[in-house]
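The values are calculated or read from the model by the stated rules, or taken from the named source; none is laboratory data. The structure displayed is predicted, hence computed values, not measured ones. Neighbour counts run over all protein chains shown; Cβ positions are idealised from the backbone, glycine included.
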Amino acid sequence: MNLDRLPRVSLSRLPTPLEDAPRLAAAAGVARVLIKRDDLTDLALGGNKVRKLEFLLGEALAQGADTIITTAAAQSNFLRLTAAASRRVGIHPVLVVRGTPDLVPQGNLLLMRVFGAEIHFVHTDDPYADSTITLMHALADRVRGRGGRPYVVHLATFSSGLASVGYVPAAFELAGQISAMKARADHVVVAVGSGTTQAGLLLGLRLAGIETHVLGVSVNTPAAALRELIAGQIRDAAALLGVPAAIVGECSIDITDAYIGPGYGIPTPDSAGAVRLAARTQGLLFDPIYTGKAWAAVEHGVRSGTIRREATVVFMHTGGAPNVFLHADAIAGDGVAGVTVPGR
């Protein structure tokens, strides 16, 4: 691979742990659960986006950029981590946030402000809106006009190949940990927003010789559209690495959109229940927007038989802790101390 030829900055303490979660497994009714703790990537409360930012900011710095311009929702983990990572490497973060200026500064939006990001709001819920991309390029022109050097990132489209590359070494890391534990991985389950984590995992696992099933649990996008996006992301990442994209068959891109609920950023009863269950069985902090919905898919898979009870499930913990504090009412739910586990 061309991995070592790609510019990269160090933002994480790697490898992140792969931990047994026996009480969580018992509660779900599956033989074994291994949690890949990418919530422990160290930077600004951690999360999976740190691995991608190592390559995105690596390229930005290699191009001499002094400003990064990117976009996502108001409670985006990616924007929180972009703001923090930019400060760590000494460039200015400009964030185009889907939302309105009167939003209460809490959760991830609060942390963006704490890190001193320059924030511009756009009135759209569409993560692929042309108007957002147009605004980012206009802001880049403004930076150039004052003598600066901008680097523009759109995670799900023109930056997705490089972002996906971030999870190729993660897949090799995971494969080595599974081998060292003398374990197996019948299923790898991951929450999916932009698709780039699943794209990089699939490509990396196949390059590592691991043919395990990878289930992506969409949190915002219909499965058919996301499957097409991920196929393109795999092709782009493979081209950057100089490896054949065909090593990942398109039939292996497995996505479910059954756990989105009312929409992006809105907890469901199952995702809130997953937060309580992980906390009460293992002392793990899932979030109700990403990992909670992904865990709901694990539980349903066990009940429906698509995940066999004798299976080993590797669950990607992608972070998202700030979202927990935004949804106290949903998470508290049955929130009485002393609840017996399993059970919610």
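Tabulated results
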quantity: Those residues of segment 75-101 which are out of contact with any strand residue (DSSP E or B) (no Cβ under 8 Å at 6 or more places or on another chain) and either at pLDDT below 95 or basic (Lys, Arg) (or both), in sequence order; calculated: Arg80, Arg88
quantity: Long-range neighbours under 6 Å by Cβ, at least six apart or interchain, first residue part of a strand (DSSP E or B) and surrounded by fewer than 22 Cβ atoms within 10 Å (Cβ to Cβ) within segment 141-166, second at pLDDT 95 or above and of a type in the set (Val, Ile, Thr); calculated: Val152/Ile69
quantity: Qualifying position, being crowded, with 24+ Cβ neighbours inside 10 Å, within 14 Å of Val298 (Cβ to Cβ), without any contact (Cβ under 8 Å) to a residue 60 or more places away in the chain and touching a Phe, Trp or Tyr at 6+ places or on another chain (Cβ under 9 Å), among Val275, Val217, Val188; calculated: Val275
quantity: Members of segment 114-134 found to be of a type in the set (A, V, I, L, M, F, W, C) and either assigned to a loop (DSSP other than H, G, I, E, B) or in the same structural domain as Gly265 (by TED's automatic domain parsing) (or both), listed by number; calculated: Phe115, Ala117, Ala129
quantity: Verdict on Ala85 being within 29 Å of Leu241 (Cα to Cα) and in contact with an Asp or Glu (Cβ under 9 Å, 6 or more places away or on another chain); calculated: yes
quantity: Helices (runs of 4 or more DSSP H) wholly inside segment 167-246 that include at least 3 residues being in contact with a helix residue (DSSP H, G or I) (Cβ under 9 Å, 6 or more places away or on another chain), farther than 27 Å from Tyr128 by Cα and of a type in the set (A, V, I, L, M); calculated: 167-180
quantity: Conditions (1) out of contact with any Lys or Arg (no Cβ under 6 Å at 6 or more places or on another chain); (2) closer than 21 Å to Ala191 by Cβ; (3) basic (Lys, Arg): number failed by Arg235; calculated: (2)
